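Peer 1: Pasting a structure below so you can have a look.
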Amino acid sequence: MSKIISQNELDTKQITDSIKIFFNKFHVSAILKSSNVKKLKGESPSNILMYAFSLVFRNKSMYMDMLLGNCSFAKDTYYRFMNSIHINWIRFTTLLASKISNDVINPATSDDRVNALVVDDSLFSRGCSKKVEMLAKVFDHAKHSFQYGFRMLTLGWTDGNTFLPVNHILLSSSGKSQVNGSNKIDTRSNGYKRRKLAVTKGTEAMIELIKEAKRAKLPADYVLFDSWFSSPKTLIAIKTIGYHVIAMIKRSEKMTFGYNGSRYNLKEIYQMNKKRRGRSKYLLSVIVDVEKDNCTIPAKVVYVRNRSNRSEYLCLISTNIDIDEEEIIRIYSKRWQIEVFFKVCKSYLKLAKECRSLSYDAMTAHVSVVFTRYMMLAVENREAEDPRTLGELFTYLVEEMADVTFVHAFTLIMKMFSDMMTEKFDLDEEEISTMIDTFISALTPAMQRQLRAA
C-alpha cells in the first residue's frame, strides 16, 4: 500500500526547505563561526540554530517536539547552545543583516536611495518571573505602568521599503550589583561583556550598537531616532562615528543651542523668528550650533506642525544642513518601520513568549533567533514582490512589457479612431488607412520601428 502524505508533512517539508535555502544562501554557518561559535563535539551549531529558528514556523514548542522524538539531539545540547556565554550574538545578527543588505537589497536599488539606521526600544516583559537574571523594573509607555522585564534596545536598517533588525541589547537597571550578582563567569567572555553593556545608559549602549554596525559596513547614511535618545552629546558622538543624524528633539529649557552669537533653547528660537504661513509642511527652519565638551557641529532644526494638535509643533534636528526641510521630514518618516517590526515580532514571532529561561544569555539568544526569523521573512517578501531581484531578467522583462504596452495601446487608439471616422463621416477603409499612414509617418523613428516590428 502506498503511503499517503498529509498536508502537514508537505507544509513542514516546504518550511524546512525554505529555511535551508536561507541558511545556505547567506552562509549562516560561517557567520556563526565568526561570532565565536565552535563545535566541540556532537551536533553542529548551525543545525541547532536551524531547529530553534523553525519552531515558530512549525507551530511547535521545543518541549513537545522532543517529547515526540522529532529532534535529533538531546535537550541538554539545546540548552547548552542557548545558554552559552561565548557566542557574540550582537556580531552574529549584525553580520547577517550586513550580508543581506549588501548582497540582496542594495544592488536592487538606485544609488540615490537613502539608507538609514533606526534606533528604538521596546518592552521585553518577564512578569511573574522575579528570579530572572538581570531582571529590572521597566516603565511601559504603552500601559503607563512599571513592569518586570528589560528595555530591548534595538538597532535596525531600512532602505524605506525593507526593514532588517541589526542588533540589540536587553537593558537592565544600572549598577555593578546586577553584573556581580550573576553566576561567576569569565570577565573576558562575551556573556560578561553584554551584561556590562546592559547596565550602562541607553544612549551609551546605542553608540556601541552603532559602532558594531559601522564595523560590519552596513550601507547607511543616517541614524534615525525619537526624542528619548536626542541630546547634543549623542548627536556629536554619532557624527564622529561617521553617520548623519535626523531625530526628533525635546523642547527642553535645559537644552540650549548656539544661535545668532548666543545660546537659546528651542522655544526661545521659535519665538524669535517669523513662521511660514499657509499649507507649508513646516513652520520654521534655522541653523544652530550643537556644542558639547568643546566640540561644536552645525545642525538644522525644522519646526513641524503637530497634525494631532495644530496649535503645537514638533522639532526635528538634522546634522546634515545641505538637504532641504522636506527631505528631512521624508527621511525621518522611515523611522516608523521599527514600530511595525516590534508589532510583528511580538504578535507573530513569539518574542518573549517562547523563552521561559531564567538565564540572561538564553534570553539574548532567543531575541537573536527572532531577529533572524524576521530577516528571512523580509528577504522572502522582498523577492516575492520586487521584480528587480530577478537581476538581468528584470531588464528584459521591463523592455518587453513596455513594448507590448505601447503597441497594444496604439492599436486600440487606432481602432477607435477608425470606427469613429466610419460612423461620423462615412469614410471608406482606404481613406482611413491613408490618414493613419500619414499620422504614423509623423511619429518618431523609434515608435515607427516598434509598430513595424509588431
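Peer 1: Considering only residues that are of a type in the set (V, I, T), surrounded by 13 or more Cβ atoms within 10 Å (Cβ to Cβ) and farther than 16 Å from S230 by Cα, which ones fall in segment 250-295?
Peer 2: Those that are of a type in the set (V, I, T), surrounded by 13 or more Cβ atoms within 10 Å (Cβ to Cβ) and farther than 16 Å from S230 by Cα: I269, V286.
Peer 1: Can you find a residue that is of a type in the set (S, T, Y), part of a helix (DSSP H, G or I), out of contact with any Lys or Arg (no Cβ under 9 Å at 6 or more places or on another chain) and in contact (Cβ under 8 Å) with a residue 24 or more places away in the chain anywhere in segment 187-201?
Peer 2: Yes, segment 187-201 contains at least one residue that is of a type in the set (S, T, Y), part of a helix (DSSP H, G or I), out of contact with any Lys or Arg (no Cβ under 9 Å at 6 or more places or on another chain) and in contact (Cβ under 8 Å) with a residue 24 or more places away in the chain.
Peer 1: Could you give me the residue pairs with C-beta distances under 8 Å whose first residue belongs to segment 235-258 and is farther than 16 Å from I287 by Cα and of a type in the set (A, V, I, L, M), whose second residue is assigned to a loop (DSSP other than H, G, I, E, B) and open to solvent by less than 30 Å² (accessible area, probe 1.4 Å) wherever it lies, and which are 6+ apart or on separate chains?
Peer 2: I238/T319
Peer 1: Among the residues that make up segment 44-65, is at least one of them under 22 Å from L358 (Cβ atoms), part of a helix (DSSP H, G or I) and open to solvent by 60 Å² or more (accessible area, probe 1.4 Å)?
Peer 2: The answer is yes, given that some residue of segment 44-65 is under 22 Å from L358 (Cβ atoms), part of a helix (DSSP H, G or I) and open to solvent by 60 Å² or more (accessible area, probe 1.4 Å).
Peer 1: In addition: Can you confirm whether segment 225-234 contains a residue that is among the β-branched types (V, I, T), within 16 Å of the chain's Cα centre (by Cα) and open to solvent by less than 50 Å² (accessible area, probe 1.4 Å)?
Peer 2: no
Peer 1: May I ask you to list the residues in segment 126-140 that are touching a strand residue (DSSP E or B) at 6+ places or on another chain (Cβ under 8 Å) and either open to solvent by 50 Å² or more (accessible area, probe 1.4 Å) or more than 17 Å from E354 (Cα to Cα) (or both)?
Peer 2: Within segment 126-140, C128, K130, M134, L135, A136, K137, V138, F139, D140 qualify.
Peer 1: Any idea how many residues of segment 422-454 are exposed (fewer than 11 other Cβ atoms within 10 Å of the Cβ), of a type in the set (A, V, I, L, M) and at pLDDT below 75?
Peer 2: Residues flagged as exposed (fewer than 11 other Cβ atoms within 10 Å of the Cβ), of a type in the set (A, V, I, L, M) and at pLDDT below 75 within segment 422-454 amount to 2.
Peer 1: From the set of residues in segment 238-249 that are open to solvent by less than 10 Å² (accessible area, probe 1.4 Å) and assigned to a strand (DSSP E or B), which is nearest to R215 (Cα to Cα)?
Peer 2: V245
Peer 1: I would also like to ask the following. Give the residue that is farthest from W89 (Cα to Cα), with candidates limited to residues of segment 366-391 that are at pLDDT below 95 and of a type in the set (V, I, T).
Peer 2: Filtering segment 366-391 for residues that are at pLDDT below 95 and of a type in the set (V, I, T), the one farthest from W89 (Cα to Cα) comes out as T389.
Peer 1: Being under 22 Å from the mean Cα position of the chain (by Cα), open to solvent by 10 Å² or more (accessible area, probe 1.4 Å) and over 30 Å from D293 (Cβ atoms) is the requirement here; does L123 meet it?
Peer 2: yes
Peer 1: Does Y332 count as touching an Asp or Glu at 6+ places or on another chain (Cβ under 6 Å) and either surrounded by fewer than 17 Cβ atoms within 10 Å (Cβ to Cβ) or within 26 Å of S230 (Cβ to Cβ) (or both)?
Peer 2: No: the conditions fail for Y332.
Peer 1: Of everything in segment 298-322, what is over 20 Å from E268 (Cβ atoms), among the polar types (S, T, N, Q) and free of Cβ contacts under 8 Å to residues at least 60 places away in the same chain? Give them in sequence order.
Peer 2: Within segment 298-322, S308, N309 meet the criteria.
The values are calculated or read from the model by the stated rules, or taken from the named source; none is laboratory data. Just so it is clear, the structure is predicted and the values come from calculations on it, not from any experiment. Reconstructed Cβ throughout: ideal geometry from the backbone, glycine too, with neighbour counts over all protein chains shown. Accessible surface areas use protein heavy atoms only, side chains included; no ligands, DNA or RNA. Shrake-Rupley method; radii C 1.70, N 1.55, O 1.52, S 1.80 Å.
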